[in-house]
Amino acid sequence: MNLRDGRLWLAGLYLLHFAALHLGFHAIYLDADQLLVADQSKWMSLGHFFEPFFFGQAYLLPFEAYLAVPLVWAGLSPLTAVKVVAALFFYLPFAWTACAHAKDRPWVSVAVTLMFFALPMEYLLAAPMPRGFIVACALAWLGLRALLLDRDPAWAPVLAWGALVGFCLGSYTSVALMLPALVLIEDRRRLLQAGLGIALGYALFKGVALFYAFNPEHVVHRFPALRFTRGHLGAHLVHPTIAPAFAWLVGLGAAACAAVMALYRPDEAQRRAWVLRLALLAVGLAGVIGLMLSTNKIADFNAGTPFYSVYRLMLPLPYLALLVMSAAALRSPSVVRPPALATTVTLGVLFIGLLGWQAVGVQRDREALVQLTSTVPPLPYDRLERQCARLAEALRVSGQPHYTLRGRNDALAYGCSAQFGLPVVQTTFERRTWLQEHLERAAQP
């Protein structure tokens with residue numbers, strides 16, 4: 001192990017950041033959506049595949065539930081497994097980009113890490129929650145990175161990477177915020193192949209969604225009707241939460257990209273074409289953001305809370321910046337002197353200080369954060385544990401094969417099932433439409 005290797009220290013920094021936020025917040029508080037994903041992973045780990053998307057809805061694939069199954073088999077609890085998967089995919093693009101450039105282009109690593117620490121705390125807390133968003137975002141980033149940076153002329157990998165991006169786009173529409181990066185592909189044939197792959201992947205996702213067209217009885221929670229109007233655009237452009245959130249993420253990414261491109265410049269022959277491509281990217285991004293601001297969906301959030309955050313609809317914006325920084329640096333012939341030892345030490349102290357400041361901030365503010373109004377209200381894990389213990393005792397006393405929860409309590413229904421294996425059915429808004437029949441059939445001799 002070479003302790004002088006910057007990649008080792010960067011990886012450790014991101015690992016410490018995960019530990020600070022997980023132990024200070026995510027291991028303490030959860031919500032019904034996360035428990036639903038955990039419950040879905042539990043059922044799949046037992047060999048039961050009842051429906052492809054989130055239980056009870058005809059959209060959004062719970063990527064974390066699928067990817068967590070091997071971890072559940074390995075002995076992790078379903079909730080821990082889906083949280084680990086979500087956190088891994090949240091940090092992976094930042095850590096990968098920073099470490100990939102640490103040796104030859106260390107200033108890119110500095111820009112990436114500074115951008116990461118400058119992200120709003122609400123974003124940093126909301127993004128790693130297992131809800132299907134962040135894994136779709138990270139997988140799409142991986143596909144776009146391969147399309148932009150790989151030089152393999154074969155068409156099959158291009159189609160495959162494009163299909164991955166298209167499939168993720170079908171599940172999490174905000175992936176469209178990263179698609180303007182496609183204009184950085186210089187080979188027109190490769191660009192067309194990538195576009196075809198994206199179309200195929202998107203069509204594949206819509207094909208999977210046909211399950212619900214043939215089984216409409218599974219749909220409990222319907223996607224809200226989208227409306228695109230100029231009135232929405234005008235209102236959201238001056239909205240006190242939406243407009244600043246977009247402005248901060250776009251401005252932060254633009255500043256990081258500008259810093260990298262100021263150091264790693266393209267040669268004179270390519271500079272004009274590069275500037276044109278960046279202008280096209282900016283126009284494309286403005287168009288995607290304009291469409292998002294024109295819809296009623298963008299206003300579906302609760303201000304301030306990470307549990308139903310406005311940032312959940314904007315997660316891909318920093319990942320777009322990662323793509324642009326990597327593409328700019330790798331195309332540049334510039335040789336930039338690495339940071340001197342004193343500068344490196346100063347940056348290390350700065351990063352550790354920022355990490356400590358954020359860790360202390362989470363500890364200080366977490367009680368206030370969970371008091372904020374949220375469509376998906378948070379729940380402390382220890383409270384879930386106590387309530388599920390009472391349900392288990394009630395079920396034991398009743399002698400019934402399952403517990404019927406009167407009314408609606410998503411956290412108990414999905415959480416007690418996922419974490420403690422309790423067969424709980426709620427009488428109102430039960431997303432697992434197949435559960436009652438499954439439990440009754442399992443109880444038969």
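The values are calculated or read from the model by the stated rules, or taken from the named source; none is laboratory data. Keep in mind that what you see is a predicted model, and the values were worked out from it rather than measured. Cβ atoms come from the backbone with ideal geometry, glycine included; neighbour counts cover every protein chain shown. Accessible surface areas use protein heavy atoms only, side chains included; no ligands, DNA or RNA. Shrake-Rupley method; radii C 1.70, N 1.55, O 1.52, S 1.80 Å.
What the table below lists for this structure:
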{"quantity": "In the stretch 333-371, residue most open to solvent (accessible area, probe 1.4 Å) [restricted to those that are assigned to a loop (DSSP other than H, G, I, E, B) and in contact with a helix residue (DSSP H, G or I) (Cβ under 8 Å, 6 or more places away or on another chain)]", "calculated": "PRO338"}
{"quantity": "Any hit, the stretch 317-332, residues being in contact with a helix residue (DSSP H, G or I) (Cβ under 9 Å, 6 or more places away or on another chain), farther than 30 Å from GLY231 by Cα and open to solvent by 50 Å² or more (accessible area, probe 1.4 Å)", "calculated": "yes"}
{"quantity": "Failed criterion for ALA303 (all others in (1) open to solvent by 20 Å² or more (accessible area, probe 1.4 Å); (2) of a type in the set (A, V, I, L, M); (3) closer than 28 Å to HIS236 by Cβ; (4) modelled with pLDDT of 90 or more hold)", "calculated": "(4)"}
{"quantity": "Complete set of residues in the stretch 166-197 that are part of a helix (DSSP H, G or I) and over 25 Å from the mean Cα position of the chain (by Cα)", "calculated": "ARG188, ARG189, ARG190, LEU191, LEU192, GLN193"}
{"quantity": "Residue in the stretch 208-220 that is nearest to ALA328 (Cα to Cα), counting only those that are part of a helix (DSSP H, G or I) and open to solvent by less than 40 Å² (accessible area, probe 1.4 Å)", "calculated": "ALA209"}
{"quantity": "Candidate set: the stretch 405-438, residues that are open to solvent by 50 Å² or more (accessible area, probe 1.4 Å) and outside any loop (DSSP other than H, G, I, E, B); chosen: the one nearest to LEU30 (Cα to Cα)", "calculated": "PHE420"}
{"quantity": "SER294 being more than 25 Å from PHE18 (Cβ to Cβ), modelled with pLDDT of 90 or more and touching a Ser or Thr at 6+ places or on another chain (Cβ under 8 Å)", "calculated": "yes"}
{"quantity": "Single unsatisfied condition, ALA269 versus (1) surrounded by 14 or more Cβ atoms within 10 Å (Cβ to Cβ); (2) over 21 Å from TYR172 (Cβ atoms); (3) aliphatic (A, V, I, L, M)", "calculated": "(1)"}
{"quantity": "Residues of the stretch 57-67 classified as farther than 23 Å from VAL220 by Cβ and open to solvent by less than 20 Å² (accessible area, probe 1.4 Å), total", "calculated": "0"}
{"quantity": "Residue identified as aliphatic (A, V, I, L, M) and surrounded by fewer than 24 Cβ atoms within 10 Å (Cβ to Cβ) among LEU196, LEU144", "calculated": "LEU196"}
